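Single-structure report; data block below.
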Amino acid sequence: MSNQDDVLITPGMQRYIDRNNEYLAKRSRYIRDVVKKWKFDTIAVHGLYSVEEAIEDYQGSIIEPMFVSTSQAYRDSDEMAAALAYKIPTWCYSRIANPSTYYYEWALALLEGYGFNGETSCCSTSSGMSAIMTAIQPFLVHIRHHVNEPRNIVATAQCYGGTFQQFSVRLMQERDIECRWVEDPTNLDEWARNIDQNTRFLYGELPSNPSQGFFDIKAVADLAHNHNLPLIVDSTVATPALLRPICHGADIVVQSASKSITSSGFGICGAVIARKGLVTNVPNEGLKNDFALYIKYLPNRDYGPNLHPVQAILTLNDLRTLRSKMDMLSRSTMTVAQYLSHHPRVESVQYLGLPDHPLHGLASKYLWLVDAEHDEQYKKPINRYGHLMSFCVKGGAEKARTFFDGLMRIWRATDLGRIKSVATIPAISTHQQQGEAGRKLAHIPPNLVRLCVGGEHPDDVIADLDQALHLAK
């Protein structure tokens, strides 16, 4: 809880509050009357950093300034008191906020909310894992205020290995908060069977890493809302260029922006984006009304997982060309997936873009290149399925490792979403710690290779895959 609402407002504080209310009203009008009318690419390039602001405040700097400073100074005691009571916009201390992180948050909130008729806001975090922690913790408080109060969450078993560990170890083993895994997220009845009066939220990842799991977002969101619960979606692989879950009913999106969004690989960062007025059974009006602002100024103020300003600007710079990058990477990945699907050394290929994938139809309902109909190249809606795929090498785990060790240009690493192609074997890397039973639950066999196709010409990616596969005969 916070006592900010109990602060006595002095006349001097009120002057600052009135001045800043005018600023917030002006910014809201700018978003409504100008920014919301832009196309996706324009929002990605400019965000809320305007020519007027640059000239008036930052000597005409075209690029958003990087505020490498620990804290903000105030004009007098009234401004400080109003700021620290959160009565006016402030960044006070960079553990809590910073102007550079604000630019990043505003842009990402607008992109995740592109096409949504409500409002969205964003809280930046130091990593994708801290984004997940930040998104879920506020819903796990004691509602009935007794120590043994049962709590559970319902989540897709097909998820990133770190997510599996956070839910199964940090929540279940260490805090006795039950995670009820959904093995087939396309089965709405399986979701429904796991919900009871102690459930706090539904959580899903799509497309899932690495096994390409998917589910009907709107149907699961409707189910969650029927039980007065929020749906939280990890949309890292798709990015808002291909999928915006909030437009389909999700309440919160988490992004490991280290991945596809920061394709340069220059650092680690995350984000939590939420629609204002989300659904929850937790009796907290601040949390419901503006979840991202609530977690930034209260829980994250105390836990300290927020983003460094340098990384915010680096990620913001990568964000500007997101749509065109995701289009290029998706097209190259489709070419590689089609090639591998006919390779004699490949047992199976998991890529949602392939017509024979069992989830192709469902994925095609949701995965669209944003604004393709306004693009001179396409002039119509176009499905795109992202840069992440996986495939199983014939001959089992040892053959998969022989192939993997034979790669020459594709990088062997646990990373994904890079402008350079990267591969890993999840069973011995990203999903090693969850054990054989956990990997079986998530459909991750030992001979599965995860491949993220980068910006190289697909012919060169295929050539490297082919020579390495021939070593695994």
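Nothing in this text is a laboratory measurement; each read-out follows from the coordinates by a stated rule. Not measured: the values here are computed from a predicted model. Glycine also receives a Cβ, built like all others from the backbone with ideal geometry; neighbour counts cover every protein chain displayed.
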What does the helix-only formula give at 222 nm for the chain: each DSSP H stretch with n ≥ 4 adding -39500 (n - 2.57), the total divided by the residues, and the result rounded to the nearest 500 deg cm²/dmol? -10500 deg cm²/dmol
I'd like the distance between the alpha-carbon centres of segment 31-93 and segment 299-364, rounded to an integer number of Å. 30
1/(1 + (r/R0)^6) with r = Cβ-Cβ of VAL68 and LYS473, R0 = 51 Å, i.e. FRET efficiency to nearest 0.05, evaluates to 0.40
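At 0.36 nm per residue, and after removing the present C-alpha to C-alpha distance, how many nm does the segment from LYS276 to GLU376 gain when stretched out fully?
32.6 nm
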For the chain, longest principal axis from Cα atoms; helix 322-340 axis from its Cα atoms; angle between them, nearest 10 degrees, is 20
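With an 8 Å Cα cut-off and a minimum separation of 6 or more residues, compute the relative contact order for segment 322-471 in percent.
Dividing the mean separation by the residue count of segment 322-471 yields 27 percent.
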As I understand it, the value is the acute angle between the Cα axis of helix 458-471 and the longest principal axis of the Cα atoms of the chain; what does it come to in degrees, rounded to 10? 50
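Which of rounded, prolate, oblate describes segment 270-324, given a ≥ b ≥ c as roots of the alpha-carbon gyration tensor eigenvalues and a/c under 1.5 marking rounded, otherwise prolate only if a/b is larger than b/c? Don't jump to the answer; show the numbers that get you there.
Values: a/c = 4.04, a/b = 1.66, b/c = 2.44.
Oblate.
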Quick check: the distance between the Cα centres of segment 379-401 and segment 125-170, to the nearest angstrom? 29
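With a sphere of radius 14 Å drawn around the Cβ of SER341, what net charge do the other residues whose Cβ falls strictly inside it have (Lys, Arg +1; Asp, Glu -1)? Intermediate results must be reported in sequence, preceding the final value.
Values: positive: ARG345, LYS394; negative: GLU347, ASP356, ASP466.
Taking every Cβ under 14 Å from that of SER341, the sum is -1.
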20 Å cut-off, amide nitrogen to a point 7 angstrom out along GLU52 Cα→Cβ, residues in segment 64-78: 64-65
Working out 0.36 nm times the residue gap between HIS225 and GLU174, then minus their Cα-Cα distance, what length gain in nm do you get to one decimal? 15.5 nm
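If you stretched the chain out fully between ASN21 and GLN432, how much longer would it get, using 0.36 nm times the residue separation minus the C-alpha to C-alpha distance?
Working: separation 411, 0.36 × 411 = 147.96 nm, distance 5.10 nm.
Roughly 142.9 nm would be gained on extension.
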How are the alpha carbon pair distances in segment 94-319 distributed across 5 Å bins from zero to the largest one, expressed in percent? 1, 7, 16, 20, 22, 18, 10, 4, 1, 0
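Could you order the peptides 179-186, 324-331 from most to least packed, using the average number of other C-beta atoms within 10 Å per residue?
Numbers: 179-186: 18.9, 324-331: 20.8.
Final packing ranking: 324-331, 179-186.
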Using Cα pairs closer than 8 Å and at least 6 residues apart in sequence, work out the relative contact order for segment 1-140, in percent. 26
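Can you give the relative contact order of the chain as a percent, counting alpha carbon pairs under 8 Å and 6+ residues apart? Don't skip to the answer; put the middle values down first.
Working: 924 pairs, mean separation 75.1, N = 473.
Averaging sequence separation for qualifying contacts and normalising by length gives 16 percent for the chain.
Would you please classify the overall shape of segment 124-242 from the alpha carbon gyration tensor, given that a ≥ b ≥ c denote the square roots of the eigenvalues, rounded means a/c under 1.5, and beyond that prolate means a/b larger than b/c while oblate covers the rest?
Cα axes put segment 124-242 in the oblate bin.
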Taking the structure as given and computing Rg and Dmax of the Cα atoms in Å, which label from (1) 29.9, 92; (2) 28.2, 85; (3) 22.8, 80 fits? (3)
Select from segment 33-134 those trypsin sites (Lys or Arg not before Pro) which occupy a DSSP coil region and have at most 14 other Cβ atoms within 10 Å, ordered by residue number. LYS39, ARG75
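Could the peptides 232-241, 276-285, 21-30 be put in order, highest first, of the mean number of other beta-carbon atoms found within 10 Å of their residues? Intermediate values should be presented prior to the final figure.
Details: 232-241: 27.9, 276-285: 14.9, 21-30: 11.7.
Highest-to-lowest ranking by the protection proxy: 232-241, 276-285, 21-30.
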